[in-house]
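Step one of this worksheet: look at the structure below.
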Amino acid sequence: MKLKKYQDRELKIKRRNFMLLLFLCVIGIGLFVYQSFARFQDKATFRIINGKLKLSGGKGDIEFVFYNGDQKVDDLPLNDSGILYISSKCTNGAKVKWDSENWAPTVYNLEKTKTSCELYFGDEEDRACLFYPEGAACKYYKAGETAELLYDDTKDKNLRYVGATPNNYVYFNCEDGVEASDETCETWRIIGVMNNIEDEDGNMGSHLKMIRDKFEKNYSWDSSHSSINNGYGVNEWSQTAIEKVLNNEYLNRTSGSNRCYKNYGDTIEACPNWASIGIRESSRNMISSVKWNTGTMPVAYSTSLITAKYMYEAERSNHHGKEWCQASGESECNDDVARTTTWTGKVGLMYPSDYGYAVGGNVRDTCLGKTMNSYNGYNCMTNDWLYDKNNYQWAMTPVPRSSDADRVFYVVYNGDVSYNHASTAYAVRPVVYLAPSVKIKDGNGEVGDPFVLEYSEN
């Protein structure tokens with residue numbers, strides 16, 4: 001038999017232990033809930049309403065605000081037909097990359113508490129109007145055979161100008177501080193609104209992509225000493241001769257030491273006076289430095305594969321232009337240049353897929369089902385505004401072959417897409433992505449009334 005005072009002591013101990021256990025349980029549940037809602041957490045994924053969020057490095061509080069069109073909504077819009085991701089912005093330097101296929105964001109650089117991210121969604125009209133003046137943009141978006149702006153069938157659903165004569169002209173590289181006009185500006189053309197583009201800071205979003213309407217001369221994509229790939233150049237964009245010129249002298253409007261080439265064996269061609277025709281400062285500030293895709297086909301070149309959609313995916317692959325030749329020992333494959341499949345910079349060239357997807361009119365569906373080496377048939381090229389009957393035009397994409405590593409895609413003056421040695425002299429038309437803060441403020445995009453751009457640093 002225990003004394004009452006000992007019984008009371010045991011009862012107090014049991015009560016104290018019970019309260020301690022209850023307290024620990026409450027703390028544990030609280031921590032679980034706290035972690036589940038991503039407060040100071042670093043798990044790979046967690047539920048975000050009706051989607052998933054993936055974090056890539058860092059930890060911190062995060063709050064999401066959703067917009068469908070111009071309306072704030074409580075939940076992440078469902079991946080229904082007609083609903084598209086448009087853009088995002090976050091506080092505290094956090095970045096969002098949107099995965100349209102899995103309908104989920106990845107947040108980068110989440111390092112601070114009380115971070116807020118706004119995600120914007122909408123329909124095709126909302127995205128068509130993204131860069132245009134409010135109330136005026138959507139007249140340029142029309143469905144059907146007369147459309148000037150149409151979405152492509154890629155996973156990124158880019159909005160592209162299509163057809164023989166779309167109204168996509170824009171003033172660019174204008175004299176600083178003067179009104180835009182034919183006398184004070186160059187004329188460029190908008191390829192389209194390109195989505196899921198990553199800039200040099202890791203921001204993912206939509207950008208206007210533009211191409212210069214004309215260029216002065218034909219140049220080699222690259223050239224090399226006769227002992228390297230038989231003098232035919234190297235099909236690696238990050239090291240190519242024309243990339244160096246475009247992103248140094250041309251971009252910065254200066255004369256420099258980079259050389260222009262016109263043939264094999266390092267045959268030099270006189271460069272234009274970049275100091276007088278290069279990009280002026282005000283326009284230079286409008287250009288985003290972004291990650292360009294420089295991949296290519298996963299197999300040795302085959303004409304039966306090069307549809308616009310196939311090439312779009314190939315350009316974004318991890319395959320390069322030397323992959324099939326590097327083990328063969330061929331003389332046109334003896335360079336020691338490391339190959340890459342992405343490149344970050346400001347000035348590039350069009351992709352084969354840009355040319356392929358620019359076709360419009362009543363032949364669009366037919367042409368997109370054909371390989372681009374047959375675009376001279378079916379009236380494809382005459383319904384494609386990127387076609388130029390007077391010029392061969394370089395593209396940015398290398399060609400994989402088992403016998404050489406110096407071939408690059410280009411658009412033939414007859415409308416087909418083909419390939420040739422990098423040292424061949426063809427037309428070079430600069431291509432740029434504009435900063436997301438660049439908007440169209442005026443103009444109709446017509447030959448006599450090009451779009452006028454405005455740029456805000458905020």
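Please treat every number below as a calculation from the coordinates, not as lab data. Fair warning: this is a prediction, and the values are worked out from it, not measured in the lab. Every residue, glycine among them, receives a Cβ derived from its backbone with ideal geometry; neighbour counts consider all protein chains shown.
Size check on the stretch 131-458: the Cα extents along the three principal axes, sorted descending, read 61, 46, 38 Å. Between the listed residues Asn391, Val363, Asn229, the Cα displaced farthest toward the positive end of the dipole of the stretch 131-458, a dipole computed from Cβ unit charges relative to the Cα centre, is found at Val363. Modelled spin-label separation between Asp153 and Ser116, with each label point placed 7 Å from Cα along the Cα-to-Cβ direction: 4.3 nm. Site pair Asn414 and Glu446 shows an inter-label distance of 3.7 nm when each label is modelled 7 Å from Cα along Cα→Cβ. Taking a ≥ b ≥ c as the square roots of the eigenvalues of the Cα gyration tensor, an a/c ratio of 1.5 or more together with a/b no larger than b/c marks the stretch 311-458 as oblate.
Available extension along the chain between Ser227 and Glu454 is 76.8 nm, counting 0.36 nm per residue and deducting the alpha carbon span. With both labels modelled 7 Å from their Cα along Cα-to-Cβ, the Glu313 to Asn390 distance reads 3.9 nm.
Remark: Ile83, Ile190 ranked as Ile83, Ile190, counting other beta-carbon atoms within 10 Å and listing the fewest first.
Neighbouring Cβ atoms within 10 Å as the yardstick, rank Leu110, Leu84 fewest first. It would help to have the intermediate numbers written out before the result.
Details: Leu110 25, Leu84 20.
Going from sparsest to densest Cβ surroundings: Leu84, Leu110.
For a Förster distance of 45 Å, can you work out the FRET efficiency between the beta-carbons of Thr267 and Ser374, rounded to the nearest 0.05? Spell out each step's value before the answer.
On the way: r = 33 Å, r/R0 = 0.73.
Efficiency at R0 = 45 Å is approximately 0.85.
With the cut-off at under 20 Å, measuring from each backbone N in the stretch 375-397 to a point 7 Å along the Cα-to-Cβ line of Asp365 picks out 375, 377-384.
Can you sort His225, His320 by how many other beta carbons sit within 10 Å, fewest first? Don't skip to the answer; put the middle values down first.
Details: His225 12, His320 21.
So the ranking, lowest neighbour count to highest, is His225, His320.
Cross-link reach is defined here as a Cα-Cα straight distance under 18 Å, omitting same-chain residues fewer than 8 places apart; for Lys389 the aspartates and glutamates meeting it are Asp213, Glu216, Asp354, Asp416. In a fully extended conformation the segment linking Ala338 and Ser289 would gain 15.4 nm over its present Cα-Cα distance, using 0.36 nm per residue.
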